[in-house]
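Contents: one structure, followed by commentary.
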Amino acid sequence: MFSGGIGSMEDVHRSKEAPEAGMHVVKIGGPVYRIGVGGGAASSIQVQGDNASELDFGAVQRGDAEMEQKMNRAVRACVERGERNPICSIHDQGAGGNGNVLKELSEPQGAVIYTNNFQLGDPTLSVLEIWGAEYQESNALLVRPEDAEFLRSVCRRERSPVDFVGKITGDGRVRTNNWCELQGFCSKGTCQQV
């Protein structure tokens with residue numbers, strides 16, 4: 001099957017802005033679920049064998065069309081402001097989950113990510129699952145501090161969750177506030193912010 005489409009956009013939106021120290025790292029869209037954990041890697045398991053049904057269930061990505069519409073309306077409201085668009089950069093979350101999309105978004109400046117700031121659809125998620133889950137209908141944005149309230153108000157209006165999960169640091173490293181838990185060195189809630 002072949003499909004194609006034609007679209008247009010304003011010239012002002014043709015390039016993403018580079019990350020700058022102090023920008024907010026924001027997630028917009030659905031909450032974190034234990035969905036798509038290992039999803040990118042799991043797609044090749046069938047070819048390689050050792051295909052456990054438990055892993056498959058966790059790896060399967062599931063869409064949420066209603067949440068996608070809410071998120072897209074919020075993004076569109078920002079884009080329709082033209083030169084006053086508060087979104088400096090936007091990335092769609094895909095394979096690798098937050099661990100991938102937030103790194104891509106903050107390169108080469110680096111960021112600190114506060115995993116307690118993510119809205120969870122399942123309160124039993126570990127930090128490693130928050131970092132690696134490939135849940136759907138979620139985008140990562142960079143927003144300047146002065147535009148944060150506008151983004152919050154648009155997301156409230158559209159009923160799209162928005163989480164301010166970190167800040168660009170300028171030190172060239174991406175780290176979480178509870179990195180030791182991510183590495184398995186401590187239990188949930190006992191790590192100190194770095």
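The values are calculated or read from the model by the stated rules, or taken from the named source; none is laboratory data. This is a predicted model, so every value here is computed, not measured. Positions of Cβ are generated from backbone atoms using ideal geometry, with glycine treated the same way; all protein chains shown enter the neighbour counts.
Of note, Asp11 does not satisfy the criterion of being acidic (Asp, Glu) and at pLDDT below 70. Within the stretch 36-53, the presence of at least one residue that is in a loop (DSSP other than H, G, I, E, B), closer than 21 Å to Leu102 by Cα and modelled with pLDDT of 70 or more is confirmed. Scan the stretch 10-28 for residues that are over 20 Å from Arg173 (Cβ atoms) and touching a residue at least 60 places away in the same chain (Cβ under 8 Å) and the total you get is 6. Annotation: Glu181 fulfils all but one of (1) at pLDDT 90 or above; (2) more than 18 Å from Lys16 (Cβ to Cβ); (3) charged (D, E, K, R); the unmet one is (1).
Of the helices (runs of 4 or more DSSP H) entirely within the stretch 70-159, those holding at least 3 residues that are without any contact (Cβ under 8 Å) to a residue 40 or more places away in the chain and out of contact with any Cys (no Cβ under 9 Å at 6 or more places or on another chain) occupy 97-106, 148-158.
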